Amino acid sequence: MSQSIQDIPLTTIDGAASSLADYRGRVLLVVNTASKCGLTPQYEGLEKLYREKKDAGLEVLGFPANNFNGQEPGSEEEIKSFCALNFDVSFPMFAKISVAGADIHPLYQALTAAQPAAIGEGPMRERLEGFGIATNPAPAVLWNFEKFLVGKDGAVLARFAPDVAADDARLREAIDAALAG
């Protein structure tokens with residue numbers, strides 16, 4: 001049997017060793033984040049969602065990534081400070097990783113392999129290409145704030161396009177179903 005997604009080594013934003021196994025039995029929303037993106041205000045909705053559903057068993061996990069137009073240039077300390085000051089982020093944040101390309105982190109290799117297609121895919125890709133921005137072909141992560149929903153057992157249940165916000169009915173229904181499961 002191949003390595004479970006829960007066993008992939010991770011590092012928290014504070015430099016501590018971690019893995020998704022630390023959250024076993026909880027529903028996870030894994031999000032690649034960036035501080036200087038048009039979608040950065042999504043931190044607010046993600047934090048609200050986390051506070052609303054954390055007691056029910058949801059964890060929102062932020063993975064800063066500088067893969068898209070250099071929109072996450074900062075150090076872990078700068079990212080942590082930005083998130084705290086601007087969005088009062090209390091959900092777990094991890095060390096900066098690569099979520100696409102040759103140096104893609106094993107977590108994102110596993111996530112994209114498990115869910116190659118994103119719910120809500122299309123509008124964001126068209127917008128980026130309209131701005132003349134080259135986009136990664138599927139199944140690669142399209143942009144910052146793509147979301148992967150991981151069930152209590154570590155199965156990757158769903159994937160949502162970057163512009164599917166935290167209050168989107170499709171995302172919330174999937175989270176509620178996973179929490180009830």
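Every number here is computed from the coordinates shown, using simple stated rules; none is lab data. Bear in mind the structure is a predicted one, so any value in this text is a computation, not a measurement. Methodologically, a virtual Cβ is constructed for each residue, glycine included, from the backbone with ideal geometry; neighbour enumeration extends over all protein chains shown.
Things to note:
- Amide H contacts of L10 (H built 1.01 Å from N, under 5 Å, at least 5 apart or other chain): S18, S19
- In terms of the mean number of neighbouring beta-carbon atoms within 10 Å, the peptides 131-139, 114-122 order highest first as 114-122, 131-139.
- Taking other C-beta atoms within 10 Å as the exposure proxy, E44, E72, E173 rank E173, E44, E72 from fewest upward.
- Structure remark: mean-square fluctuation, Gaussian network model of the chain, C-alpha springs under 10 Å; the largest value among N144, N32, N86 belongs to N86.
- Only Cα pairs under 8 Å and 6+ residues apart enter the sum, and on that basis the relative contact order of region 5-180 stands at 28 percent.
- Among the listed pairs K54/K147; K36/K96; K48/K147; K48/K152; K96/K147, those whose Cα-Cα separation exceeds 19 Å are K48/K152.
- Taken one residue at a time, the phi angles of region 149-161 give Karplus couplings (6.51, -1.76, 1.60, θ = phi - 60°) of 9, 10, x, 4, 8, x, 6, 7, 8, 7, 9, 10, 4 Hz. Gly and Pro are set to x.
- Shape class of the chain from the alpha-carbon gyration tensor: rounded, with the ratio a/c of largest to smallest axis under 1.5.
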